[in-house]
Amino acid sequence: MFILININVLLLVLLLFLVFRNLVKLLYDRRRRVMGAKLRTRLVVAFIALTLLPTTVLFFFSISFIATSINFWFNVPVEQALQNSLDVARRVYDRVETDNRFFLERVSYQIHANKLLAERNRRALSRYIQVVQREFNLDAVEIYGRDLQRLTFALAPRLENQHLRVLARESLAKDTPLSHVNSFTEFIPNGELIRTVGTVPFGVGLAESEAFIVLAVVLPSQLSSDMESISRGFEEYQQIKLLKKPIQVTYVITLSIVALLVVFCAVWFGFYLAKSITVPIMELAEGTRRVADGDLGFSINLAADDEIGSLVESFNKMTRDLRTSREQLELSARMLKQQNVEIEERRQYMEVVLNNVSTGVISVDAEGVVSTVNESAGKMLNLRVEDIRNRNYQSLLQGRYRELAADIMRQLSDGSCGILELPLRINLHGRQRSLLINFAALRNDAGEHMGAVMVFDDLTELEKAQRMAAWREVARRIAHEVKNPLTPISLSAQRLRRKYADRIEDSVFDECTRMIIDHVELIRNLVNEFSAFARFPAANPTPCHLPPIVEETIALYKEGHEEISFESRLSGDLPLPPLLLDRQQIKQALINLVDNAITAIKGRGRIEIRIVYRESADRMRIEVSDSGPGISDEDKSRLFEPNFSTKKSGMGLGLTIVNTIISDHGGIITVTDNAPHGAKFIIELPVRPLPKTTAL
C-alpha cells in the first residue's frame, strides 16, 4: 500500500508538470498567432474538461457504489436465490421429461392401436411420425424396432443439416424406471439434445415391448450455458463470502490506480491529439465543404501513418468511391429504366394476349386464391372478373364443384400429376354449358408448388353443331328413302278410287282409299319437314325494319285467339336502324315462337314481343315472352336440338329451324324464365352498316 500511494503521488506531480508545461506553450503560441493555436487551445480545454470532470465524478461514485453493492450483496438472500436458480434449472429438465412422457404415451397408443409397426404400414408410420413432430413441435421423433434398429425418424427443419446419432443398444435396452421412460442428454452444435425413450405399448417391460419411441427436444445452447453459469456462480459465491472485506479494499485500491492512470493518459493524449489533428481537421473541413458543393475530384495531400492519416486516406478513398458510385448509379439508373420499360412492355403484351385469346384462362396461387382471370373466362362463366379475382376458389364454388376443385388442387400440389384434362357440364344461370378444362401445376425453378392454371374451352356450340349436322344427315336420308314410294302409293290409291268407286258400293273401300291418301299426305308433310331441315334455303338478306315484321306476325293470331293478349313494344328513345334480313325467314321464326307460346298458354294469357336497340353493343334484341308454365332447366339445354319437343305432337324441328335461321343471320337465340312466370326467348341480331346508296 505504501508503494502504491507513492506511485500515485509521483503520477500526480508528473501530471501537473505536463499540464502546466503544455499550457505555457499554448499561451506562447497564441501570442505569436501561430496558425491553429486557437483550435488547439479549444481542443486542450475540451479534453481536460471532458477527462477530469467525468473521471472525478465517476471515481467517487464508483467507490460509493462498490461499498454499497458489496454490503447489499451480502445482506440480501443471494444464496437462497442461487439455490432457487439451480432448482429452476432442474425443473426445466424435469418438465422436458414430463412433456415427452405425455407425448410418448399418446404416440405409443396410436402406433399400437393402428398397427403401424406392420411391414405394410411402414409408409403410414413415417407419415404419422412426421405429423407428430410438427403437431407436438418436437425437434426429432425416432422409431426403433425390437431388434433395436432405427426404422424411421422425422426431424425439425433446424436439425435437418445435423447428424442425429443412433442410440446405442444399451440405452434402448436400459431398465425402465417408475416413470416408464428413460432420458439421455448430449451436446450438439445447436444446443443440448434431450432424448426420451419409451416402449410400444407404453409402460411395458423389455420382453413385452414391440418397438421403442425416442422423442428429442433441443435446449438452446444459451440456456445450457446459463444453467452451467448458475451452478458455477453458486460455488464461487460460497468462496467469496469469506473474502468480503479484502475484496472491498482491493476494489478501492484498484479503482484508485486505474483512475489516476486514466487521468494521466487521457490528459497527456489530449495534448498530443490537439497538436496532431489541428491541420488534418482543417484540411478535412475544407475537403468536406468542397465535396458537399459537388466537387468529388478533391483530395487531401497529407502524409501520416496514424489514425489521422488513415482518416485522410479514407476521405480520399471516399471521394473516389463517391465519384465511381455516382457514375455507376447513373449507369444503373439508365439500365434499370430500360429494364422497367421492357418488363412493362412484356407485362402489357401478356395481358393483351390473355385478354384476346378465345380460351378461358384462370390461375390460382398455392393458397387457392384466384390471381389471374382473362376476359374470355369471365364471358364463358357469365361472371365479372372483378368479382372472382383475389378470392379463394373455395368461397366461389359450392357442392360437388368445390369438392372436385379441392381434389384436383390436391393432386396437382402433391406432384402425383402435372396436367389434368377434364370434360365438364355445368349449369350457368339456367343454361347447360359443356366445357373442356385442362389443369396444369405451376412450379418454380426449385420445384416448389406455386399454384395451378386452368385453361378451358366452351364446346357447347360445337357439340350442338355436331348434333345438328348428324340430324341433318339423318333427315336427308329419311327424306330420300321415304319420299320416293309415297307418290306411287298415293297415285295408286287415287286410281283405285276413280276406277272402282262406282263398281264397289261398300263404304269400307271408300274409307280405306281415303285413309291411304290422307296418311300418305301426312307422311309427305313429315318428309317435307325433314327435307326443309336438311336442305334449309340460304338466307337472302335485304334492308328491313323489324317492327312491321313483328306487327304482321301478331296480326296473324289476334283474330283467332281472342282470349290471349298480344302486345309489341319498342324500348328506348333511339330510332331503330334497318337490318340486313331475310324477311320471310325472320317472319317464319317469329311465327314459330308465337305458335309455341300459344300452345304453352292453353287458355287466357299474355304474349309480348319487345324490341330493344343496344347502340353500345351495336345489336338488336327481340324478346318473345309468354305467361305460360315456363320451361325447366333440363329442357332448356336441349330445346334447340332436333327430335326434342315438349309437345305431345310434332317432330321437334320447329325450334331447330328457328335456331338455324337466326344463326344464318349471324345472331344467337337463348331462352330464359319470364317474370313472374312463363318463358322468354331472346334473339340478338347484329346491326350491320348499310351501303350509302341503299334505298329503303
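Throughout, read-outs are computed from the coordinates displayed, never taken from laboratory work. Given the structure is predicted, the values throughout are model-derived calculations rather than measurements. In this analysis, Cβ positions are derived from the backbone assuming ideal geometry, glycine residues included, and neighbour counts consider all displayed protein chains.
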Report task. Kindly flag which residue pairs out of K558/K636; K38/K317; K558/K587; K317/K337; K602/K680; K25/K317 have an alpha-carbon separation exceeding 26 Å in this structure. Result -> K558/K636; K38/K317; K317/K337; K25/K317
Query raised in the report: Once label points are set 7 Å from the Cα along Cα→Cβ at both A207 and A333, what is their separation, rounded to one decimal in nm?
Result: 8.7
Report task. Return the FRET efficiency for the residue pair Q130, V352: r is the Cβ-Cβ distance, R0 is 30 Å, and the value is rounded to the nearest 0.05. Result -> 0.05
Report task. Once you have the Cα-Cα distance between V45 and L11, take 0.36 nm times their residue separation minus that, and quote the gain in nm to one decimal. Result -> 10.2 nm
Query raised in the report: By count of other Cβ within 10 Å, fewest leading, how are E562, E567 ordered?
Result: E562, E567
Report summary line: segment 542-686, convex hull of Cα, quarter of hull surface, nm² -> 8.7
Report summary line: When R195, R32 are arranged by how many other beta-carbons sit within 10 Å of their Cβ, fewest first, they go R32, R195
Query - C-alpha center-to-center spacing [segment 193-258, segment 570-641] in angstrom - result: 90
Query raised in the report: If we count other beta carbons within 10 Å of each Cβ, what is the order of F269, F103, F59, fewest first?
Result: F269, F59, F103
Query raised in the report: Lys/Arg Cβ at +1, Asp/Glu Cβ at -1, dipole of segment 106-231 taken about the Cα centre: which of V217, V204, S171 is farthest positive-ward?
Result: V204
Report summary line: Taking a crude spin-label model, label points 7 Å out from Cα along the C-beta direction, the R106 to S325 distance in nm is 5.5
Report summary line: So the FRET efficiency between I419 and S571, C-beta based with R0 = 41 Å and rounded to 0.05, is 0.30
Query - Test item: Cα-centred dipole of segment 357-458, Lys/Arg +1 and Asp/Glu -1 on Cβ, debye - result: 460
Report summary line: For segment 106-231, the dipole about the Cα centre with charges only on Cβ (Lys and Arg +1, Asp and Glu -1), to the nearest 20 debye, works out at 600
Query raised in the report: So how do 213-219, 385-391 stack up, highest first, on mean other-Cβ count within 10 Å?
Result: 213-219, 385-391
Report summary line: V252 and L396 label points (each 7 Å along its Cα→Cβ direction) are spaced in nm at 8.3
Query raised in the report: What is the extension gain from F187 to I66, computed as 0.36 nm multiplied by their sequence separation minus the C-alpha to C-alpha distance, in nm to one decimal?
Result: 39.7 nm
Query - V262/Q222 FRET efficiency (R0 25 Å; Cβ-Cβ; nearest 0.05) - result: 0.15
